[in-house]
1. Hey, what did chain B get for relative contact order, percent, Cα under 8 Å, at least 6 apart?
2. Between residue A:217 and residue A:108, with labels modelled 7 Å along Cα→Cβ, what's the label distance in nm to one decimal, could you check?
3. Taking K and R as +1 and D and E as -1, what net charge do the other residues with C-beta under 10 Å from the C-beta of residue A:236 add up to?
4. Considering only C-alpha atoms, what is the centroid distance from the stretch A:231-276 to the stretch B:42-71, in Å?
5. List the aspartates and glutamates whose Cα sits under 15 Å from the Cα of residue B:103, skipping any in the same chain fewer than 8 residues away.
6. Along Cα→Cβ, 7 Å out, is where each label goes; now give me the distance between the ones at residue B:192 and residue A:37 in nm to one decimal.
7. Do any of B:87/B:166; B:41/B:169; B:73/B:166; B:10/B:166 go past 32 Å between their Cα atoms, and which?
8. In a shell of Cβ-Cβ distance under 13 Å around residue B:170, excluding residue B:170 itself, what net charge do Lys and Arg (+1) and Asp and Glu (-1) give?
Amino acid sequence: MTAAVAAPGAARRCRSRGSRSTLTRGSGVALGLSLTWFSVLVLLPLAAVVAAAAAGGWSRYASVLGNDQTWAAIRLTVTQSLGVTALNVVVGTAIAWVLVRDHFWGKRLLDVIIDVPFALPTIVAGLVLLSLYGPRSPIGVNLAFTRYAVFGALAFVTLPFIVRTVQPVLEELDADAEEAAASLGAGRFTILRRIVLPALAPAITAGAALSFARAISEYGSLVLLSGSKPFQTEVVSVRMLTFVESGNEGAAAALASVMLAIALAVIVVLDIVQRRVARRG
Amino acid sequence: MSIDVQHITKRFGDFVALDDVSVTIPSGGLTALLGPSGGGKSTLLRVIAGLESADAGSVHIEGTDATRLAPQKRNVGFVFQHYAVFKHLTVARNVAFGLEVRKVPRAQVRQKVHELLELVHLSQFADRMPSQLSGGQRQRMALARALAVEPSVLLLDEPFGALDAKVRKELRDWLRRLHDEVHVTTVFVTHDQEEALEVADEIVVVNGGRVEQVGTPDELYDAPANDFVMGFLGEVTSLGGRVLRPHDVELETGPGRDAAREAIVTRVLRIGFETRVLAETVQGEQVTVVMTRTHARTLELVEGMTVWLSAAPGAVSVAAPTGAAGGSDERDPAVPLAV
């Protein structure tokens, strides 16, 4: 068949792509502008923080990380953020699924409300949580000054991320492939695991990265309800603010660069996981 | 009988996609569901596959009542118009999918996938991703995937609809040969009458949610049940309240036969080897006549000339639909159909 004969050439062209630059003059200028903007906005400040942290040498790092209170804050922030992200992966995907695949009364309203935690100023979110789960809770649930408060606040503000990244991908997902799998004998769970999840993996990972990044940086929504008790409910951003307020900017920078490394590590791990899932099927 | 569909009705809101449809499809044959878009043929196929549940009626596949059976349990192979490939799996793993789901031992899966890829001429592409294949290759992969589970029936929904004309024709011939090799009961949906006439053993004409006629390509062409079937299988014109093929109209330059109708030639078109004459009878009927160029030349036809038209002896004709209704407007004889 002629179509079969023509294909190897096409594949060879595919393989060679990516090795050579395709920049034209216009896109070269655009790339230059965006890199400059990105540098001014992101890379230079980051470099400045790392430089400020490094100025104190390893001993500064050692003293910051050796501080039990700081270490407890890092542990709390990272574990709570990972926990919240894991919860969002499940709940966020489920909400996106319901919003795309099911039809029910109030669906439009739910679709709009999903964004509220994201749109609210974080301190307002904190106030909302405090009024419902604080000491004067009308429903009798008092989470104030506990780790549940940290978890709840993080879950509240990060809820929309995975929903909003998965939703459009799910909408575009080809229902044919699922029907094909069904007629080949695959049950609902197998279809979900082998056909749907690999297609959603990149979106879920992107949402998880956003959710984790937001969680480790959260301040406003949890500061009211958690009470920021040292060794118990104090998160990194609160600890850092304490450093800055007490004039210890070097320690703040060291802590900041540690958080930067953690964020990078998590993003890389998520990317690896995503590639695995997308290929496995 | 391999597939037995009885009194199937399916509604989507107010729209009746299938209206009390009954049809039986014989074992081992290659059957076409032919009809215009939106006529219900794809819905019928999806009901047979279990991808759509009917509001009323029953479906039996190989003697088992499949009406309430999930698609997973029907043992049908389904091929989609837009291939429905599993994008993240290689060609070989796409084909292996149904076998893996059935927990077939690995060595056996590998053997079977190899055989099938050979059958659809894709052996050298086993480790490619579907995105690296052409449309025709993807559809052959989808076919191999559907055949892997050894289905009792193979259902194809406009399988060549998304392909260009040349590949379409190649695949059509190839499907016919494949069917002669594999002998699985096959039903395919198409809106292309040429495709149906060329490939199928039997054609089911579906229109407006109903079955218009069932028969072999010859039966449908030579003895159409009504003007719809006749019009759908080829070009038609009307003369004296009868619908017939334009090449079955005889044109004479003098009044000879009793039934001949007087008409004025309004247009003479030469298209390739044939000549197409448009004429208006004194009763105001627009008639299309198709003849060979040689014949047209001997008659020395010019526009404005008076001629006499009659149905050729032995011509197949059916009664014209009464009134303007009946959906005959797209077959208005005054408008020459695309050639």
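The values are calculated or read from the model by the stated rules, or taken from the named source; none is laboratory data. Note that the structure is a prediction, hence the values are computed from the model and not measured. A quick note on method: Cβ atoms are made from the backbone with ideal geometry, for glycine too, and the neighbour counts reach across all protein chains shown. Protein only, heavy atoms only, side chains kept; ligands, DNA and RNA dropped before computing areas. Shrake-Rupley method; radii C 1.70, N 1.55, O 1.52, S 1.80 Å.
1. 17 percent
2. Inter-label distance under the simple model: 3.4 nm.
3. Taking every Cβ under 10 Å from that of residue A:236, the sum is 0.
4. Spelled out, the Cα-based centre of one part sits 58 Å from the other.
5. Partners found: B:150.
6. 4.8 nm
7. B:73/B:166; B:10/B:166
8. Neighbourhood net charge equals +3.
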